[in-house]
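Working notes, beginning with the structure itself.
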Amino acid sequence: MRYLLVGIALAASGGQALAAEPASVDWGKIPQKPVTLFYPGESTYDWIIGKGHRGARSVLQGKSCVSCHEADEKDIGEKVVKGGGVEPTPIAGKNGVIDLTVQAAHDAEYLYFRFQWKSNLNREGRMHDYMRFDGKTWKWYGHDRNDKVVRSGAQPPLYEDRFSIMLDDGKVPMFAKQGCWLTCHNGMRDTRNQVVGDPVKKHPIFGETGLKESDIRKYLASSRTDAAASWDKTKSRAEIDKIRKEGGFLDLMQWRVARSAAIRMADDGYVLEYRRFDPGKNPFSWNVDRKTMTPLYMFDAAKVGRKALKAEDIGNAALPAAIIREGNAVAYDANAGWQEGDILPGRLLSRVDAKGSAADNNAVDGTWKDSTYTLVWARKLDTGHPDDDKIMKVGGTYTVAFAVHDDNVTTRFHHVSFPFSLGIGVDADIKATTLK
Amino acid sequence: MTMQRTGDQAAPAGRVARAWSALWRPSVGFSLGTLLFVGFFAGILFWGGFNWAMEITNTETFCISCHEMRNNAYAELKETVHFTNRTGVRATCPDCHVPRPWHYKVVRKIQATNELYHKVIGTIDAPEKYESQRLALARSVWASMKATDSRECRNCHTMESMDRDKQVRPAKRMHQTALEKGKTCIECHQGVAHKLPKGWDEPAGK
């Protein structure tokens, strides 16, 4: 049965190699691990080791989060989400915890996951980076719930839901004990001292002479020189490259309901001095020239029945939310009779174009039904890309942590887990069952 | 045992024998009252002196008269809440490391003679030597604390006198769990007064 499905998937995938079908695993026979995801607010690394956190000394001593916070997820999440303390800008109506069910299995070549969780939103969060025609030009339409235009009510909340996996093989110091808190820092987007623009552009690692970034995203404390792991106190390029070569990075994969789900993929990245995508070509790119705000593709009316969406189509599951280059797109025609209120996705998806290490997660299937997401995922134990992926082996034990971005949020407005051990066929917090 | 005079060379042995014999011969020059009176006060002096000497070794001043302790364990203690805190209660070295019940204390003091040996041979007389032994030393202390149900911690802290409702949320819950699972203080509170050694939570022997 699995081979039949693989054959169908291969045919449907435009010939791209697809060797595993996570849906074919008999998940009814795989044990379920309940995981409580909780809302962390701005509990950035400098806060965790600072005076505001009573357990700071324990953290610095190398103790694990759960040495004090075992089974504390619900209490933390429900307290923080209300605001105050580490959440200066709460989002009204947000839930403190999400109950996640994790199942894992493996064969000789693949690790398989199945995740289930309930979303807070009464529709699939698959709209993202949309553009609206105002009668003259295309303008961005809708943002995440923390954006000022959404908070003010000027625009609707439109941002994709996501499921994230962090994976380590023991080479990132303290990750098994302190998990993603090693990656979240003051100065990143949507933190109290977020750094954007010139300070970033002038930094030798992140700026014009380096990564060409204009903001700060996840990074590991081990890539910095000071105790607080400040955003700008980076080790040298050579030192960072050496850490990466030695495997001291985290694998970070995100299933994106708008930017990868429709082509059965998840992205593939890593975290070291910054959150970066693996080399190659991502499942998604821009569907717009951002300087002129001219779309690149529109819906193929012959396949979709329309060239663009309208605001009232948002949430209509019968209509596509994403433009897929090889699936439902034709080149944008500026003279196609655009009307005020027409909406096009600002992102372009392509399974065919996705290449290299960035395209390793190519067997990921998610569904949303009755407010519950069910996501199955196949990941090669050995992707062949050791410079940016964690290479796993049967019998090995690794560390995983999970996060869900739910209900039109991005950055820190997510729900996260403490780290768990993952055994590939061996006992651990989460044991991947060996498939016969 | 019979001792016999065998000539001048044997005189010292003869004196010992005479003294030994005199010790066990009933007194003819002193009344029983005198003997009891003198013996009583001599006993007090001896016993008091013994305990006085032992208590001298039971002070922080004595502990940190060795640079090994002063520069390492004590220096680290000074950075912790057991040294300076809101309520002004300080735990000194023996508060945590010497049992209060007398018989356990004597046993501990006898064990401590082994530390004199290591002092002489300089096992931890340099920072790098201390570091190399830190994990083994810490594990030894943790093992003994676990074996005594953290007896010395409980000199000051007891579950019965804790008002868990006044504790922060994680502490309240963890203490409740500890009670239910029969855990003892040191199983969670390693490193509260000194630095945690590298590898502290790996199984011993690694």
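The values are calculated or read from the model by the stated rules, or taken from the named source; none is laboratory data. Worth saying up front: this structure is predicted, and the values here are computed from it rather than measured. A quick note on method: Cβ atoms are made from the backbone with ideal geometry, for glycine too, and the neighbour counts reach across all protein chains shown.
A few remarks follow.
- Unique residue being without any contact (Cβ under 8 Å) to a residue 40 or more places away in the chain, within 14 Å of chain A (Cβ to nearest Cβ) and not hydrophobic (A, V, I, L, M, F, W, C) when the list is B:158, B:177, B:123, B:113: B:177
- Meets criteria (free of Cβ contacts under 8 Å to residues at least 40 places away in the same chain, of a type outside the set (D, E, K, R) and away from chain B (no Cβ under 14 Å)) for residue A:55: no
- Any hit, the stretch A:381-390, residues being in a strand (DSSP E or B) and hydrophobic (A, V, I, L, M, F, W, C): no
- Selection from the stretch A:67-85 of residues that are hydrophobic (A, V, I, L, M, F, W, C) and either at pLDDT 95 or above or closer than 15 Å to residue A:98 by Cβ (or both): A:76, A:80, A:81
- The single condition among (1) charged (D, E, K, R); (2) surrounded by 18 or more Cβ atoms within 10 Å (Cβ to Cβ); (3) out of contact with any His (no Cβ under 9 Å at 6 or more places or on another chain) that residue A:208 does not satisfy is (2).
- Taking the numbered list (1) modelled with pLDDT of 95 or more; (2) part of a helix (DSSP H, G or I) in turn, residue B:45 passes all entries but (1).
- For the stretch A:311-328, the condition of being of a type in the set (A, V, I, L, M) and within 28 Å of residue A:201 (Cα to Cα) holds for none of the residues.
- Among the candidates B:138, B:171, residue that is surrounded by 14 or more Cβ atoms within 10 Å (Cβ to Cβ), within 14 Å of chain A (Cβ to nearest Cβ) and modelled with pLDDT under 95: B:171
- Subset tally (residues that are more than 12 Å from the chain's Cα centre (by Cα) and surrounded by fewer than 24 Cβ atoms within 10 Å (Cβ to Cβ)) for the stretch A:401-416: 1
- Taking the criterion of being surrounded by fewer than 14 Cβ atoms within 10 Å (Cβ to Cβ), of a type outside the set (Gly, Ala, Ser) and under 14 Å from residue B:64 (Cβ atoms), the residues of the stretch B:75-95 that qualify are B:78, B:90.
- So residue A:50, is it more than 12 Å from residue B:170 (Cβ to Cβ), in contact with a Gly (Cβ under 8 Å, 6 or more places away or on another chain) and away from chain B (no Cβ under 11 Å): no
- Residue in the stretch B:147-154 that is within 30 Å of residue B:72 (Cα to Cα), touching a Pro at 6+ places or on another chain (Cβ under 9 Å), of a type outside the set (Asp, Glu) and away from chain A (no Cβ under 12 Å) present: yes
- The lone criterion from (1) closer than 29 Å to residue A:279 by Cβ; (2) surrounded by fewer than 23 Cβ atoms within 10 Å (Cβ to Cβ) left unmet by residue A:371 is number (1).
- Taken over the stretch A:313-345, residues that are in a loop (DSSP other than H, G, I, E, B) and more than 21 Å from residue A:137 (Cβ to Cβ) amount to 12.
- Here the condition is being within 28 Å of residue A:245 (Cβ to Cβ) and either surrounded by fewer than 22 Cβ atoms within 10 Å (Cβ to Cβ) or hydrophobic (A, V, I, L, M, F, W, C) (or both); of A:344, A:381, A:349, it holds for A:381 alone.
- If you go through the stretch B:70-103 and keep only what is more than 14 Å from every other protein chain (Cβ to nearest Cβ), of a type in the set (D, E, K, R) and touching a Lys or Arg at 6+ places or on another chain (Cβ under 9 Å), you end up with just B:100.
- Looking only at the stretch A:76-104, and only at residues there that are of a type in the set (A, V, I, L, M), out of contact with any helix residue (DSSP H, G or I) (no Cβ under 8 Å at 6 or more places or on another chain) and not in a loop (DSSP other than H, G, I, E, B), the one that is farthest from residue A:29 (Cα to Cα): A:80
- From the list A:45, A:130, the lone residue that is more than 13 Å from chain B (Cβ to nearest Cβ), closer than 23 Å to residue A:156 by Cβ and within 20 Å of the chain's Cα centre (by Cα) is A:130.
- In the stretch A:67-118, of all residues being crowded, with 18+ Cβ neighbours inside 10 Å and among the β-branched types (Val, Ile, Thr), the one that is nearest to the other protein chains (Cβ to nearest Cβ) corresponds to A:76.
- Condition check for residue A:250 on (1) crowded, with 24+ Cβ neighbours inside 10 Å; (2) more than 29 Å from residue A:56 (Cβ to Cβ): one failure, at (2).
- Pairs linking a residue in the stretch A:238-258 that is in contact (Cβ under 8 Å) with a residue 24 or more places away in the chain to a residue that is assigned to a helix (DSSP H, G or I) and of a type in the set (A, V, I, L, M), with Cβ atoms under 8 Å and 6 or more positions apart or on different chains, are A:249/A:243; A:255/A:261.
- If you go through the stretch B:180-192 and pick out every residue that is more than 11 Å from chain A (Cβ to nearest Cβ), surrounded by 15 or more Cβ atoms within 10 Å (Cβ to Cβ) and in a loop (DSSP other than H, G, I, E, B), you end up with 2.
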